[in-house]
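Starting off with a structure, shown below.
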Amino acid sequence: MSEESSTTPIQPLGDTPRSQSPRLHVVCSIRSSRDRELLVGWLESIDRVTVSTASPEELAVVPFDLCIVDQPTLSQSGDRLLARSQRAQPVALPCLLVTARSESHTSAGRAVVPDDLQPLVTDIIKPPVRKAQLRRRLDVLLEIRQQSKQLASSNAHHRELLELLPEAVFVIADGEIQYVNSAGECLLDASEPILLGTAFLDYVASEDQSTAADLLDPETAAAAVSEHRTAFVELELHVDGEAVITEAAATPVGLDEDAVQLVCRDMTERNERESRLRLYRTAMDEATVGITITDARELDNPLVYVNREFEKLTGHDGEELLGENPRLVQSPRTDPETVAEIRKSVDAGEPISVELINQRADGTEWYNALTISPVHQDGELTHFLGFQRNVSASRAQQNQLAVLDRVLRHNLRNRLNVVLGHAETLADGTSTEAVPIHASAICKTATELLALSEKTRRFRTALEADAETTTTVGLGGVIEDSLGPVREEWPDARFEYRVDETARVQSENAVRFAVTELLTNAVDHTESEMPQVRIEVTTADGEIEIRISDTGPGIPEDERQPFDDTTETPVDHAIGIGLWLVRWAVNSAGGDLDYEERDPHGSRITIRLPAVADSPNDRT
């Protein structure tokens, strides 16, 4: 080595400030004491370098960032150094060979290095060499060392991150797996040693082979990245005979982009979860009770979900309701105390069950059996789940039973009092001449009670028969059937009727009962010896009207409650049960009842029913 001095002082290696630069350890193992002393002395003048010497035997164990050896040391310890260098991979362990002045070698500087040690020797110098030239060579060697350490650290960190990823990651070159992370091992149910070198397509279902082949093509992956169209695609894998649904995306990797990094997401659990959610959503959408969900975290607790049954119950489109408070569908007639009770429970986040009156979009009302349940997530009240059932029918039935009970008890009590009074007179035996009178009164009262029982039986039978069929019939035939028994009992009565032949009804038994009862009342309560009754049936705008007009005295005002009372509460003054049964029969057919007085005398009762279309299986 030359002792030539440089005009410029030697500076620390690299451009990194000294305070941030790690020290680099250089080991010299050179037999020539003169060359060794010159080299060590020069290296010690460099701030970032720590220099030491070592025998050929010690090179296998002493730590260093760069070793400088001569030919004898290389021959003696080359194999051990090569093994150490290979163990250090991917971190480089540079080795600088200093040749003797008398040795000749090629311009490549490799003639003096045996073939098996070529991977060990990083560079070769031959004295004499200028310090500036040596400085540049050392800079390069030590930079190789530093960059390889940084790259190894970065690779290790990258690998640690890949190992922590929940998605499976594969590096695939020429169709074979070159790397797999822990999630990938779990996905394919095999360890890394088994998977490395195997063809990834061996795990792909036959119908997805073409899709997978495109993913594994580096050129296709590179084009997708450059065009910003990289996306996950569904890929079915077969693992141990079981289908595993995944989403996969590929990006090119490698210096030459000759491999792809494939990321696979196991969609099995998510698909199962989404399937369950779809099932829950379908079950809620198709439930036969109204279901609502409100967001308790938002101002005024707005609706965020309504099912189809709730739309049917309210007559509102779901989109109209979302964002509104459920009070939108409450009727103005809802009991304020019930509303206050609901508000109190909602404010307290407590469940509640109440019954209230709701109003449809068309203004009609219905009784709603409402249940509200709070929903908590992670201890926080987030939503309210509401269930609504239309209990109008059961409410009406309860009211009907209450009215029926009141009327029947009144009628039975009055008539039995009559029977009891006449029976007591007969038992007294003081007047034998009056026996026929009392016996006749008892018989008349008993007949009335039997008639009352028969009337309620016919009402029940009619409704039960209609519940078992959906057949429609011509209304003209129903009117004729109703007139039959009335004509038979009152042959002197005159009936005039005009019927729209296109009019059809579905609940024929309920309609027949109602018409028969009204015709009977019309002729039974008239003072004329030849009662006259007119029946008109018209159809317009999807509605049938049956108008029954008579010339009798009309219905007393205190007996018109079945026409006026919409709540069907038990009456204070008991009346005849017949009109109540007529009303309930008409209601069961989907219709309503109206009464008006005629001038100068008489009355008209109108039955309004929904018109129905005929079908090939219906009867005339």
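The values are calculated or read from the model by the stated rules, or taken from the named source; none is laboratory data. These figures come from a predicted structure and were not determined experimentally. Note that we place each Cβ from the backbone using ideal geometry, even for glycine, and neighbour counts take in every protein chain shown. When the accessible area is computed, the model is the full protein with side chains, heavy atoms only, and any ligands, DNA or RNA have been set aside. Shrake-Rupley method; radii C 1.70, N 1.55, O 1.52, S 1.80 Å.
I'd like to check something: does segment 202-217 contain any residue that is surrounded by fewer than 13 Cβ atoms within 10 Å (Cβ to Cβ) and assigned to a loop (DSSP other than H, G, I, E, B)?
no
Related question: Return the pairs, sorted by first residue and then second, in which the second residue is in a loop (DSSP other than H, G, I, E, B) and of a type in the set (D, E, K, R), the first residue lies in segment 278-303 and is open to solvent by less than 50 Å² (accessible area, probe 1.4 Å) and at pLDDT 90 or above, the beta carbons are less than 9 Å apart, and the residues are 6+ apart or on different chains.
Filtered contacts from segment 278-303: Pro302/Glu324; Leu303/Glu324.
Restricting attention to segment 26-41, which residues are open to solvent by less than 40 Å² (accessible area, probe 1.4 Å) and either under 60 Å from the mean Cα position of the chain (by Cα) or hydrophobic (A, V, I, L, M, F, W, C) (or both)?
Scanning segment 26-41 gives Val26, Val27, Cys28, Ile30, Leu39, Val40.
Related question: Kindly evaluate His105 against the criterion of being modelled with pLDDT under 85, open to solvent by 50 Å² or more (accessible area, probe 1.4 Å), of a type outside the set (Gly, Ala, Ser) and within 60 Å of the chain's Cα centre (by Cα). Step through it out loud before you land on a result.
On the way: modelled with pLDDT under 85: yes; open to solvent by 50 Å² or more (accessible area, probe 1.4 Å): yes; of a type outside the set (Gly, Ala, Ser): yes; within 60 Å of the chain's Cα centre (by Cα): no.
In short, no.
For the subset of segment 571-587 comprising residues that are assigned to a loop (DSSP other than H, G, I, E, B) and crowded, with 20+ Cβ neighbours inside 10 Å, which member is modelled with the lowest pLDDT?
Filtering segment 571-587 for residues that are assigned to a loop (DSSP other than H, G, I, E, B) and crowded, with 20+ Cβ neighbours inside 10 Å, the one modelled with the lowest pLDDT comes out as Ile575.
If you go through segment 370-386 one residue at a time, how many are in a strand (DSSP E or B) and surrounded by fewer than 17 Cβ atoms within 10 Å (Cβ to Cβ)?
9
Counting only residues that are open to solvent by 60 Å² or more (accessible area, probe 1.4 Å) and more than 35 Å from the chain's Cα centre (by Cα), which one in segment 218-231 is modelled with the highest pLDDT?
Glu219
Separate question: Against the definition (open to solvent by 10 Å² or more (accessible area, probe 1.4 Å) and modelled with pLDDT under 75), how does Arg18 come out, yes or no?
Details: open to solvent by 10 Å² or more (accessible area, probe 1.4 Å): yes; modelled with pLDDT under 75: yes.
Judged against the criteria, Arg18 is a match.
May I pose another question? Being assigned to a helix (DSSP H, G or I) and in contact (Cβ under 8 Å) with a residue 60 or more places away in the chain is the filter; apply it to segment 463-474 and report the residue that is most open to solvent (accessible area, probe 1.4 Å).
The extreme case among them is Leu463.
What number of residues within segment 25-57 are in contact with a Ser or Thr (Cβ under 8 Å, 6 or more places away or on another chain) and either at pLDDT 85 or above or in a helix (DSSP H, G or I) (or both)?
Residues meeting the conditions: 14.
If you take just the helices (runs of 4 or more DSSP H) that sit entirely in segment 113-196, which of them hold at least 1 residues that are crowded, with 19+ Cβ neighbours inside 10 Å and more than 39 Å from the chain's Cα centre (by Cα)?
131-164
Go through (1) crowded, with 20+ Cβ neighbours inside 10 Å; (2) in a helix (DSSP H, G or I) for Ala92 and report which single condition fails.
It fails just one condition, (2).
I'd like the residue in segment 59-71 that is in a helix (DSSP H, G or I) and closer than 14 Å to Leu82 by Cα and, out of all such residues, is least open to solvent (accessible area, probe 1.4 Å). Let's see the steps before the verdict.
Going through segment 59-71, the residues in a helix (DSSP H, G or I) turn out to be 59-60, 71.
Cutting the leftovers down to closer than 14 Å to Leu82 by Cα gives us 59-60.
Values: Leu59: 0, Ala60: 28 Å².
Filtering first and then ranking leaves Leu59.
Give just the number: which of (1) over 28 Å from Ala396 (Cα atoms); (2) of a type in the set (D, E, K, R); (3) outside any strand (DSSP E or B) does Asp558 not satisfy?
Condition (1) is where Asp558 drops out.
Exactly one condition in (1) open to solvent by less than 40 Å² (accessible area, probe 1.4 Å); (2) not in a helix (DSSP H, G or I) is not met by Glu350; state its number.
(1)
Do we find a residue being out of contact with any strand residue (DSSP E or B) (no Cβ under 6 Å at 6 or more places or on another chain), farther than 28 Å from Ala503 by Cα, modelled with pLDDT under 80 and surrounded by 17 or more Cβ atoms within 10 Å (Cβ to Cβ) anywhere in segment 447-462?
The answer is yes; a qualifying residue exists.
Another question about this same structure. Can you spot a residue in segment 447-463 that is within 60 Å of the chain's Cα centre (by Cα), more than 17 Å from Thr520 (Cα to Cα) and basic (Lys, Arg)?
Scanning segment 447-463 turns up at least one residue that is within 60 Å of the chain's Cα centre (by Cα), more than 17 Å from Thr520 (Cα to Cα) and basic (Lys, Arg).
Restricting attention to segment 295-333, which residues are part of a strand (DSSP E or B) and under 15 Å from the mean Cα position of the chain (by Cα)?
Val304, Tyr305, Val306
Condition (residue is among the polar types (S, T, N, Q) and free of Cβ contacts under 8 Å to residues at least 24 places away in the same chain) applied to segment 26-37: is it met by at least one residue?
yes
Follow-up. Here is a list of conditions, (1) in contact (Cβ under 8 Å) with a residue 24 or more places away in the chain; (2) of a type outside the set (Asp, Glu); (3) part of a strand (DSSP E or B), and Ala222 meets all of them except one; can you say which number that is?
The failed condition is (3).
Inside segment 491-529, can you point out the residues that are under 24 Å from Ile555 (Cβ atoms), open to solvent by 30 Å² or more (accessible area, probe 1.4 Å) and polar (S, T, N, Q)?
The answer is Thr520, Asn521, Ser528.
Under 8 Å between Cβ atoms, at least 6 apart or on separate chains: pull out the pairs that start in segment 330-341 with a residue that is farther than 13 Å from Ile372 by Cβ and of a type outside the set (Lys, Arg) and end on any residue that is open to solvent by less than 100 Å² (accessible area, probe 1.4 Å) and part of a helix (DSSP H, G or I).
Short answer, once both residue conditions are applied: Gln330/Val339.
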